[in-house]
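Please treat every number below as a calculation from the coordinates, not as lab data. Everything numeric here is computed off the predicted structure, so don't read it as measured data. Cβ coordinates were reconstructed from backbone atoms using ideal geometry, including for glycine residues, and neighbour counts include every protein chain displayed.
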Amino acid sequence: MSHDPTRIDRRLPLGCYFAVYFVAWTLGPFFLDSSVPDDNIEQLTWAQHPALGYSKHPPLPTLILWLAQRLLPSGIALTYLLGAAMTAAMLLCAHRIARHTVPPRRAWLAPAMATLITYHTLRMSFYNHNSVLLAASAAAMLVLLVALHSGRHIHWVLLGVMWAAGLMAKYQMVVGIACNVVAIAWVLPDWRSRIRAIVIAGTTAAFLLIPHLAWLVMNDFPPIHYASRFVGAGLDAPMRVASAARFFADQLLRLFPLLALLIGLAVRSTHDTPRLGASPVAYVSRRVLAIHAFGPLIIILAIGISAGAALENHWGTAYLWAIPLWLVSTPRLDALWELPQPTLLRWIAIVQGVLIVGWLVGVR
């Protein structure tokens, strides 16, 4: 079988970029930063006593760590490795999702641009419930797209498995599930198929959650009580607005490197490119991407304003990665993505380099 040397040449710089990205944001904090995230230490403590639930959160992240300890040496380094693994799982899902939506030559852009979101740089070494929720929500979106295109029973079952995994990581998965359900209702053509999909996925998730639900009942729902401190904070009207504004501003700050990239590319691109024709598959995928790019932020802000929840900035961790996917699939931005791959990768690498150098200066 013949090999395309130009394809290899295109993949090599991209592989080098991701290698530098993971090394910098995993090994850098491990060797250069003396402060270890509290969440990593907490997970190591909980992993000494595997259970079906814990005082603050569901058990999946801790059980993953406990299983990893059976295969690899336990310690802080293992938690950093697992944090990077969750980010890598999200990036792989982002690439597969992009292939449903844009030409294959452009699919690499989505995960590369996601590496500029600071949740996935400064916090890559964190291993906590947001880390696992990130991977679970990305996997759920990928399975959702496959299920929407195939309509097969097994794919709706797999979606239910992803829902259960996300809920076993953090109850905030309900935000991702809500976006999944909206996408199902928007894309599928009739109510019978919509109800069938939701019932199959929901029943599968409920069945898998039975052990954890039993633990909750027997232990008086400790994670629910913990979550209610934030969701049920009961802030007054001015504090609700302030909390929502603070959360939204923080998410924009997390996206700032990505926004800087877009500005740079817009300046670099001096001509219009005809928009790509959209296949039915790509059209459906773009609908799903739009829902998942903006739906979580809208839901979280709505909860904060309507219910008086004390919004935590890290609640956006599991969802901002969908925004680069939406950007890459948006026809109005086609001119940016038609720049040569070396040019695009060079701009992404420059922004990433600024982030790394800025972090190194801050550490020193």
Can you tell me the length gained on complete extension of the stretch residue 343 to residue 190, counting 0.36 nm per residue apart and subtracting the Cα distance?
50.6 nm
Correct semi-axes for region 13-363, from √(5λ) of the alpha-carbon gyration tensor and rounded to whole Å with the largest first, are 31, 27, 20
For residue 18 and residue 229 in one chain, what is 0.36 nm times their gap in residues minus the Cα-Cα distance, to one decimal in nm?
72.1 nm
Describe numerically, in nm with one decimal, the distance between label points set 7 Å from Cα along Cα→Cβ at residue 182 and at residue 267.
3.4 nm
In a Gaussian network model of the chain with springs linking alpha carbons closer than 10 Å, the residue among 319, 21, 226 that fluctuates most is 226
Quote the relative contact order of the chain in percent (integer), defining contacts as alpha-carbon pairs under 8 Å separated by 6+ residues.
23 percent
In a Gaussian network model over the chain where Cα atoms closer than 10 Å are linked, find which of 237, 165, 110 has the largest mean-square fluctuation.
237
Can you tell me which of 48, 172, 251 moves the most in a GNM of the chain? Springs connect C-alpha atoms under 10 Å apart.
48
Provide 105, 123 in ascending order of the number of other Cβ atoms located within 10 Å of each residue's Cβ, fewest first.
105, 123
Viscosity 1.002 mPa s, temperature 20 °C, Stokes-Einstein D of region 13-163 from Kirkwood C-alpha radius, µm²/s
129 µm²/s
Cut-off is 10 Å between beta-carbons; in what order do 45, 204, 121, 62 appear when sorted fewest neighbours first?
45, 204, 121, 62
The chain, dipole about Cα centre (Lys/Arg Cβ +1, Asp/Glu Cβ -1), debye to the nearest 20
820 debye
For region 13-363, the charge dipole (Cβ of Lys, Arg +1; Cβ of Asp, Glu -1; about the Cα centre) points to a positive end, and the Cα of 310, 208, 157 closest to that extreme belongs to 157
Taking 7 Å along the Cα-to-C-beta vector as the label spot, tell me the residue 27-residue 157 distance in nanometres, rounded to one decimal.
4.3 nm
Can you give the FRET efficiency for residue 218 and residue 305, using 1/(1 + (r/R0)^6), R0 = 25 Å, r = Cβ-Cβ distance, to the nearest 0.05?
0.10
